[in-house]
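Report on the structure given below.
The values are calculated or read from the model by the stated rules, or taken from the named source; none is laboratory data. The structure presented is a predicted model; accordingly, all values stated were derived computationally and were not measured. Backbone-built Cβ (ideal geometry, glycine too); neighbour counts: all protein chains shown.
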Amino acid sequence: MAFNFEKDTDWIFTFCKSCWDFKKFVFSKSINFETKDSYKGICVECKKEQRINLKEARDYYDHLNDHNN
C-alpha cells in the first residue's frame, strides 16, 4: 500500500531516536508535507516527543512507494 501525500494525516511511521527503531508517531493535528518542514510528534511506544523532519519522512515514503508500484 503506497503512502498518499495528497491527503493530510495525523500519524506516520518514522525512526524514533529514543526507541532506536521505526515506530508510529501521532500528531496533535493533521500534518501537511507541502507546507511544513517539520512537526513535533509523539512516539506511541516510548511516549516521548520528537521533532520529525518531514523532508526525510517524505523521502523515506517515496522510496517505499517506488518499490511498491
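Considering the conditions (1) of a type outside the set (Val, Ile, Thr); (2) at pLDDT below 90; (3) under 16 Å from Asn53 (Cβ atoms), Lys40 is excluded by exactly one of them, (2). Selection of region 1-37 for residues being assigned to a loop (DSSP other than H, G, I, E, B), of a type outside the set (D, E, K, R) and either modelled with pLDDT of 85 or more or surrounded by 11 or more Cβ atoms within 10 Å (Cβ to Cβ) (or both) yields Ala2, Phe3, Phe5, Ser18, Cys19, Trp20, Asn32, Phe33.
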